[in-house]
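Written below as structure tokens is the structure these notes are about.
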Amino acid sequence: RQAIRAVLFEMKLTVAQSVQVEQFVFSVDDAYSLYVNGSIVRYDSTALGSITFTLPAGNVLVQYIIHNGGGGESALTIGGDFIDNMNVKFA
């Protein structure tokens, strides 16, 4: 049996105008990376709390990578902004 070392969650968005997004990390087991359009916004393995980042206008790729260094279970729980028809935000 081989462990999965990382899981990628991504969203492709079209953003009408630049918008700031706020997320709250409730729990993280191992570590996570957050990328916007291929640029790293955050890497963290211990800190819980607020993550604030900007989605630029245009086509945007938001990616969370959950790293599993120990080979066991790995999880990331976040909440916060959402996608609606007026403001493109990440949920």
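Taking the stretch 31-51, which residues are open to solvent by 50 Å² or more (accessible area, probe 1.4 Å) and at pLDDT below 80? Walk me through it before giving the result.
Here is the first cut: in the stretch 31-51, the ones open to solvent by 50 Å² or more (accessible area, probe 1.4 Å) are 35, 37-43, 45-46, 48, 50.
Ser45, Thr46, Leu48, listed by residue number.
Yes or no: Asn85 open to solvent by 60 Å² or more (accessible area, probe 1.4 Å) and either at pLDDT 85 or above or among the β-branched types (Val, Ile, Thr) (or both)? Before you say what the answer is, go through the steps one by one.
On the way: open to solvent by 60 Å² or more (accessible area, probe 1.4 Å): yes; either at pLDDT 85 or above or among the β-branched types (Val, Ile, Thr) (or both): no.
Against the criterion (open to solvent by 60 Å² or more (accessible area, probe 1.4 Å) and either at pLDDT 85 or above or among the β-branched types (Val, Ile, Thr) (or both)), Asn85 does not qualify.
Find the residue count for the stretch 28-54, including only residues that are touching a residue at least 40 places away in the same chain (Cβ under 8 Å) and over 13 Å from the mean Cα position of the chain (by Cα).
Filtering the stretch 28-54 down to residues touching a residue at least 40 places away in the same chain (Cβ under 8 Å) leaves 28-30, 32.
With over 13 Å from the mean Cα position of the chain (by Cα) added as a condition, the list becomes 29-30.
Total meeting the criteria: 2.
Restricting the search to the stretch 2-29, which residues are open to solvent by 60 Å² or more (accessible area, probe 1.4 Å) and of a type in the set (S, T, N, Q)?
Narrowing the stretch 2-29 to residues open to solvent by 60 Å² or more (accessible area, probe 1.4 Å): 2, 4-5, 7-10, 12, 14, 16-18, 20, 22, 24, 26, 29.
Residues satisfying the conditions are Gln2, Thr14, Gln17, Ser18, Gln20.
The values are calculated or read from the model by the stated rules, or taken from the named source; none is laboratory data. Please read these numbers as outputs of a predicted model, since none were measured by experiment. Cβ: placed from backbone, ideal geometry, glycine included. Neighbour counts: every protein chain shown. Just the protein is used for accessible areas: all its heavy atoms, side chains included, with ligands, DNA and RNA removed. Shrake-Rupley method; radii C 1.70, N 1.55, O 1.52, S 1.80 Å.
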